[in-house]
Each structure stands twice: as C-alpha cells, then as structure tokens.
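Data first, discussion second: the structure below is written as structure tokens.
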Amino acid sequence: MGFVFNIQGFSLHDGTGLRTTVFFKGCPLNCPWCANPEGKKYEPQFMIGNSGCISCGDCGDLRQQGTNLVALESVEALKTLCPSGTITVSGESMTPGEIAREVLKDKPFYSASGGGVTFSGGEPLSQPGLCKETAELLKNQGLMTAVETCLHIPWKNIELVLPYIDEFLCDLKHGDPVIFKEHTGGDLNLILENLKKLDSREVPIRIRVPIIYGFNHEGKAIESILDIVSGLKSVKAIDFMPYHPLGAGKHEALGLPYSLPLHSMDIEEVHPYIQMAESRGWNATIGGAL
C-alpha cells in the first residue's frame, strides 16, 4: 500500500501508444518548475484554490492554517469539506490491486495502440514496493509497462522493479552538477551512476529533457546532456519537453512560490536542440512520440 495522487487515462506523451499514467506521491528533488508539485511530499496534502470559493465558511480556519500535511484519518472528511471544490486533497492510499483494477479499465485501448501503463509522479521509485507489485500485476495481464524517473534514488529501488518494466523514461535535466544541485537540490553524480547501471542492463531507455528558462535553455547546457547520452547504448530516443507554466496554479494552491514565466515556450525555441541531437545520430522528438 502507498500513496498516489492521480490516475490519468488516455495519456499521449508518457511512453509508446495510448497509456494510463499513475502518479505516485513523493520526490527527492525540489525543482521549482515542477508541473506536479502536489507530488513532492509523500503524505496527502490539501490544496486551497481561490477561484470558485463561495465563502460558505465550512472550512473554518483551514485557509489561514496553510497547506499542512493531512492526517490519514481526516482525508475522507476533507474530500467532502468544500461544497465548491476549491479545497481538495492530493494523495490517496491505494493497494497494488486497487491501482491495477483502475488501470485495466482501459485495457482494450492499450492493445489497439501498443500502449500500456506508465508510473510517474512525484518519483515512482521512491515507493519501490508499490511500483514493483503493481507493475507485476499488470505485466501478468499483458500490459506494456514504463516508468518515468529522475533516477535520484538508491540503485536497489531500480533493481527491484527491473524485471517488470519494459521501458524507462529517464529525466536528464543538466550536465553540470553544480548548476543541477543549485536548482533542484539533487546530486547529479547519483543520477549518472544509476543511468550507467541501467544502461548496462540493456533495458530500453528514453531520455527526457525538460527545457527550462534560466536553467538549461541554451546550447552549452544541452551539449552537456548530449555528451552524457553519447556514452550510452540502450537509449532509443531523446525527448525534449518545452517549458510550460501548468504547475503555477498548483504551487499557489499549495502555498508555494512560483517565479518562472507564466507563458509556455514556443516549440520553435526547441528546434535547435532537436537538430543538435539529430546531428549526433539520435532520434529526437518534442514532447515524446506516441
């Protein structure tokens, strides 16, 4: 049993074909541009919106208290607290069987498109037991499985799920360990060690590169990433993910600051990076292939 905060059907950019994406709670990094900041904490949280509030007063002092972590026994009560739906709870306790049953509702669509299930987050491998057991159940049902991971976790977590994962979608955000740590709080060396080990297991890998203003949106940073990828043999493609501000409202609802631009990156800004990758012989996409 563990915590997930969303199960999203009909996902188009989280691996091959049509997919259901399961979003796990908890992440070891703290990226300020995160599109799913409700996935950073491991425990349920409540999110406080402003649009739609009818000032009924049912929430009492909740808005003044901020988005403190929610005690497990109060989760169900909080789900029905706000009649306008502007206060919601992010995070639900689920068993592998419960997740699998939800995912299997769309099984006919997976077969037709060559899709399956993708475990994302947060960082799904920060809950390795839940990820492994769920993946095993779904593999036994004939589903293609993928995991999207930042790789900033112990190798043993990756090793646990390896027999049950068909494809790894690995985030690689920067090639400079100092810049990476400054912006995410993470250790790039840990990620690279895990990436090399994973590559040696000859499991298909897609590298995912979020293009972020003020972080890696320039040729030198992308070259540093391509230099790392050039030494890997199991990478099938590099997916460049243009910046978007879809996480801004979620940051506000969680009481978190958001200082990045509130406009999406034009895909034309990413084309030079596609050309850089293709010039090195890589299959490169914007946003990931269907």
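Per-structure values
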| quantity | calculated |
| --- | --- |
| Of the criteria (1) touching a residue at least 24 places away in the same chain (Cβ under 8 Å); (2) farther than 24 Å from residue 254 by Cβ; (3) out of contact with any helix residue (DSSP H, G or I) (no Cβ under 7 Å at 6 or more places or on another chain), which one residue 154 fails | (1) |
| Enumerated helices (runs of 4 or more DSSP H) restricted to the range 81-167, each holding at least 1 residues that are in the same structural domain as residue 36 (by TED's automatic domain parsing) and in contact with a Gly (Cβ under 6 Å, 6 or more places away or on another chain) | 107-113, 128-140 |
| The range 9-44, residues that are over 18 Å from residue 286 (Cα atoms), in a strand (DSSP E or B) and touching a Lys or Arg at 6+ places or on another chain (Cβ under 9 Å) | 9, 10, 20 |
| Residue 249 being loosely packed, with under 14 Cβ neighbours inside 10 Å and either outside the structural domain of residue 194 (by TED's automatic domain parsing) or among the small types (Gly, Ala, Ser) (or both) | no |
| Of residues in the range 94-119 being among the aromatic types (Phe, Trp, Tyr) and over 15 Å from residue 165 (Cα atoms), the one surrounded by the most Cβ atoms within 10 Å (Cβ to Cβ) | 110 |
| First in the range 218-231 and among the charged types (D, E, K, R), second anywhere and surrounded by 17 or more Cβ atoms within 10 Å (Cβ to Cβ), Cβ under 8 Å, 6 or more apart | 223/175; 223/276; 227/175 |
| Failed item in (1) farther than 25 Å from residue 30 by Cβ; (2) not in a loop (DSSP other than H, G, I, E, B), with residue 194 passing the rest | (1) |
| Meets criteria (modelled with pLDDT of 95 or more and either assigned to a loop (DSSP other than H, G, I, E, B) or within 23 Å of residue 1 (Cα to Cα) (or both)) for residue 189 | no |
| Pick from the range 168-181, criterion assigned to a helix (DSSP H, G or I) and over 19 Å from the mean Cα position of the chain (by Cα), ranking: surrounded by the fewest Cβ atoms within 10 Å (Cβ to Cβ) | 178 |
| Selection within the range 182-212 - touching a residue at least 12 places away in the same chain (Cβ under 8 Å), loosely packed, with under 15 Cβ neighbours inside 10 Å and under 19 Å from residue 34 (Cα atoms) | 185 |
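The values are calculated or read from the model by the stated rules, or taken from the named source; none is laboratory data. Quick caveat: nothing in here was measured; it's all calculated off a predicted structure. Neighbour counts run over all protein chains shown; Cβ positions are idealised from the backbone, glycine included.
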